[in-house]
Amino acid sequence: MRITGLMPSTIESDMTICDKKIRVTVSDNGDGTMAVDIESDCQAIEGFSQNLKTITMDDIVNFETSTINKEEVRGNMSMICVAPIMVYQAAWMECGMLSKRIFPKQGPITIDMKKEE
């Protein structure tokens, strides 16, 4: 038995490259869909947030056809923005595909440039 709606899955990001913050929360609706809430101080993500309110399991396992990736959903968001990937990660946690207990213990996910030696 799966209890829904008690502990939504939330991921936060501090985008130092553009000086913006993103918070994505995904919660299981109990009907095969998941509610998505995206908060950010970035205007480009505002449209993405308004366009993406509900996703399905197919959206998080089929990258090619996922609603998350559709141009009309993403809007004018930068190609390198991590917000869509954050939706995948939060949804995977909500579905039990990533551990809610282990994920926070692993520390932040970082992408760094290789330093010249």
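Taken together, the values in this text are just the output of simple stated rules run on the coordinates, not laboratory data. None of the values given here were measured: they were computed from a predicted structure. In this analysis, Cβ positions are derived from the backbone assuming ideal geometry, glycine residues included, and neighbour counts consider all displayed protein chains.
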Q: Determine whether Met93 is loosely packed, with under 13 Cβ neighbours inside 10 Å and touching a residue at least 40 places away in the same chain (Cβ under 8 Å).
A: no
Q) If the Cβ limit is 6 Å and pairs must be 6+ apart or interchain, which residue in segment 14-28 that is in contact (Cβ under 8 Å) with a residue 12 or more places away in the chain pairs with which residue that is acidic (Asp, Glu) and not in a loop (DSSP other than H, G, I, E, B)? A) Lys21/Asp14; Arg23/Glu12; Arg23/Glu39; Thr25/Asp37; Val26/Glu94; Asp28/Glu94
(Q) Is it the case, given these coordinates, that Ala90 is within 22 Å of Lys20 (Cα to Cα), in contact with a helix residue (DSSP H, G or I) (Cβ under 9 Å, 6 or more places away or on another chain) and among the small types (Gly, Ala, Ser)? (A) no
Q) Restricting segment 56-72 to residues that are over 15 Å from Ala35 (Cβ atoms) and of a type in the set (A, V, I, L, M, F, W, C), which is surrounded by the most Cβ atoms within 10 Å (Cβ to Cβ)? A) Val61
Q.
If I ask for residues that are within 13 Å of the chain's Cα centre (by Cα), surrounded by fewer than 17 Cβ atoms within 10 Å (Cβ to Cβ) and part of a loop (DSSP other than H, G, I, E, B), which ones from segment 73-90 would you list?
A. none
